[in-house]
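Let me begin by presenting the structure, written as structure tokens, before commenting on it.
The values are calculated or read from the model by the stated rules, or taken from the named source; none is laboratory data. Just so we're clear, the structure is a prediction, and the values are computed from it rather than from any experiment. Ideal geometry is used to build each Cβ from the backbone, glycine not excepted, and the neighbour counts take in all protein chains shown.
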Amino acid sequence: MAKRRNRWYKDAVIYQVYPRSFQDSNGDGIGDIPGIISRIPYIKSLGVDAVWLSPIYKSPNDDNGYDIADYTSIMKEFGTMEECRAMIKAFHEAGLKVIMDLVINHTSNEHAWFEAARKDPKSPYRNYYFFRKGRGKKHKRKPNNWTSFFGGSAWEYNPDTDDYYLHLFSKKQPDLNFGNEAVVNEVIKIMEYWAKEGIDGFRCDVFNVISKAPYLPNGEGHFALVGKEHYLNGPHVHELYKRFNQQAFAKYDLMTVGEAVMMTPDVAVDYIKEDREELDMLFTFDHQDADNHLGIKYLRKKFNFEQFKHSFEKWQRSMEGVGWTSLYLENHDQPRSIGRFNTEVSKEYHDVGCTMLATMLFFHRGTPYIYEGEEIGMTGGAFKDVSELRDREAINMLTYAPKLGVPKPYIKKSLLLRSRDNARTPMQWDDSAYAGFSKQEPWLKVNPNYSTINVKNNEADPNSVLNYYRKLIKVRKGNETVINGTYTRLDNDSKSLYVYARKYEHEVILCIANFTKHEQPFTLMDEYLNKPAKLLIANYEREVNLASFTLKPYEARVYTITV
Ligand code: ISL
Ligand code: CA
């Protein structure tokens with residue numbers, strides 16, 4: 001069995017690029033590969049080790065590339081395969097690894113497999129998907145009661161063969177049938193294809209929903225994600241990832257991070273325990289749910305600080321001695337973090353809010369991910385009307401949420417505040433028109449605050465959020481305690497502070513973060529009193545007496561203590 005031993009990602013920081021919104025090179029308002037290439041020096045300057053690119057494959061863009069029409073060619077708006085090769089080469093020459101998005105739960109309905117399957121019940125591709133006759137005498141009822149992540153039934157009628165096909169996401173994203181050996185082999189071929197193109201890893205999209213219970217039984221309940229108990233961590237999922245690991249991930253030395261939908265630590269262990277040889281780490285969501293009900297981001301609730309801290313504590317402790325994990329606050333699906341998690345978008349507290357959150361995140365155990373624009377404190381909230389939104393999920397929610405009894409004005413407000421487009425607005429490079437992202441009006445509105453929040457301004461200011469990130473990344477690099485240390489939460493359920501310690505041999509890293517805009521007293525735990533302590537990093541430049549001091553608004557301070 002091929003075994004991989006170079007676990008470089010444990011000492012790495014990874015930068016996520018959302019290609020559509022990163023840099024347009026040819027003035028069509030859409031980010032592209034030449035645009036990404038032109039910004040490699042910037043990415044390199046952050047001190048990160050790798051990039052994760054959201055999908056760049058051929059796609060009709062119903063879900064911005066998460067609907068793939070051909071896994072081995074490039075979306076025409078983004079460029080060509082040759083340009084893609086040049087990009088991979090350029091990243092490697094800059095010493096950066098490249099992680100590609102692997103979206104295999106579903107293809108686009110414009111994928112050749114689906115086009116063949118849809119038309120002809122005898123097609124060899126028919127069983128690549130889930131086609132089922134409708135229920136009832138006249139076959140008019142959907143094959144089962146499952147609902148889609150994007151709202152509504154998970155079944156779409158196919159007039160060509162008078163039946164339905166399953167789609168857990170949009171109706172343009174039919175689910176692949178991993179019960180079919182041919183599908184498994186096709187997918188392994190795709191992994192091999194990209195491995196041979198020289199990439200260094202995969203971010204596995206919704207990796208834990210790919211194995212469905214045989215016969216697709218009805219699900220329980222009727223609100224959101226009806227049917228989930230029949231596909232979340234489904235019957236053959238471990239077998240599948242073991243095979244992917246043997247035949248691709250380990251064989252080609254690929255790092256993997258699985259996007260884990262509704263994951264719990266006890267289930268996670270089986271995927272990421274090193275001797276299981278399945279995945280390297282997971283993206284989990286618990287901390288994202290501290291300001292919503294039922295894990296649904298549009299059902300707003302007031303930020304629950306204790307829940308937020310508890311989710312970090314829970315995952316940190318349960319993965320200790322078990323397997324690796326990832327750390328993130330933002331990605332292309334989540335609202336921007338500044339303005340969330342008790343921070344605020346205001347002149348006074350924007351920068352400290354951003355740097356506090358980054359500091360708090362970075363000293364946990366795991367690989368930190370930074371989402372494009374997070375490092376300059378880009379904000380959401382640019383949209384004034386839902387007509388400005390482009391995301392398929394948001395558009396669908398407008399129709400489906402009211403059907404589930406969520407009032408329309410409520411869902412509209414939620415979408416303005418939280419829709420995924422909030423994180424997808426064009427990257428703010430400078431204060432020229434369209435933020436230096438494009439010469440033309442971009443596919444999605446630029447946040448008007450680009451005239452102040454942009455890379456150029458951040459570069460010019462030694463105390464900017466951007467320059468703080470650079471410092472933070474450097475400080476974390478090679479730190480054995482950050483990589484290996486145990487985790488203990490030490491804030492006694494404080495309503496204002498998050499305090500935790502990491503311990504490795506005789507070193508403790510103590511991270512103290514004030515999640516409020518008010519001054520807060522801090523007293524050092526007895527066990528660390530009078531021990532040699534050294535400041536590692538802080539987002540206010542000042543000296544304090546660690547034994548007892550008052551934290552400034554959103555202040556974060558990290559110390560190394562010898563014990
Ligand atoms: O963002 C969400 C809710 O608002 C999630 O439900 C999200 O859809 C889920 O985490 C899966 O996300 C991934 O797969 C989707 C794609 O739309 C997302 O962009 C991707 O990150 C389907 O491929
Ligand atoms: Ca372009």
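List of remarks:
- Search result, residues across the stretch 234-262 that are in a loop (DSSP other than H, G, I, E, B) and surrounded by fewer than 22 Cβ atoms within 10 Å (Cβ to Cβ): G234, P235, H236, A250, K251, Y252, D253, M262
- Complete set of residues in the stretch 297-334 that are free of Cβ contacts under 8 Å to residues at least 40 places away in the same chain, away from ligand 1 (no atom under 16 Å from the Cβ) and among the charged types (D, E, K, R): K302
- Set E459, E527: member being surrounded by fewer than 20 Cβ atoms within 10 Å (Cβ to Cβ) and farther than 30 Å from A382 by Cα: E527
- Count of the stretch 93-143 residues which are within 16 Å of ligand 1 (Cβ to nearest atom) and of a type in the set (G, A, S): 1
- Among the candidates E330, E348, the residue that is outside the structural domain of K412 (by TED's automatic domain parsing) and surrounded by fewer than 18 Cβ atoms within 10 Å (Cβ to Cβ) is uniquely E348.
- For the stretch 529-546, the criterion of a residue being over 30 Å from V345 (Cβ atoms) and hydroxyl-bearing (S, T, Y) is satisfied by no position.
- Restricting the stretch 22-68 to residues that are charged (D, E, K, R) and within 22 Å of L96 (Cα to Cα), the residue that is farthest from ligand 2 (Cβ to nearest atom) is D49.
- Meets criteria (buried (at least 21 other Cβ atoms within 10 Å of the Cβ), assigned by TED's automatic domain parsing to the domain that holds G436 and assigned to a loop (DSSP other than H, G, I, E, B)) for L361: no
Okay, residues lined up against (1) away from ligand 2 (no atom under 16 Å from the Cβ); (2) touching a Gly at 6+ places or on another chain (Cβ under 8 Å); (3) in the same structural domain as D333 (by TED's automatic domain parsing):
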position: D70; (1), (2), (3): yes, no, yes
position: A86; (1), (2), (3): no, no, yes
position: Y125; (1), (2), (3): yes, no, no
position: Y129; (1), (2), (3): yes, no, no
position: K133; (1), (2), (3): yes, no, no
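- Options T550, T516; residue that is surrounded by 13 or more Cβ atoms within 10 Å (Cβ to Cβ), among the polar types (S, T, N, Q) and touching a residue at least 12 places away in the same chain (Cβ under 8 Å): T516
- Flag for D62 being closer than 26 Å to L166 by Cα and surrounded by fewer than 24 Cβ atoms within 10 Å (Cβ to Cβ): yes
- Single residue of F244, F312 found to be more than 16 Å from ligand 2 (Cβ to nearest atom), under 27 Å from R418 (Cα atoms), aromatic (F, W, Y) and not assigned by TED's automatic domain parsing to the domain that holds Y487: F312
- Only one entry in A69, A86, A12 is on the phi < 0 side of the Ramachandran plot and within 16 Å of ligand 1 (Cβ to nearest atom), namely A69.
- Evaluation of E505 against (1) within 32 Å of the chain's Cα centre (by Cα); (2) within 30 Å of R7 (Cα to Cα) (one fails), failing number: (1)
- Within the stretch 390-483, helices (runs of 4 or more DSSP H) holding 1 or more residues that are in the same structural domain as Y371 (by TED's automatic domain parsing), of a type in the set (G, A, S) and closer than 27 Å to L535 by Cβ: 455-460
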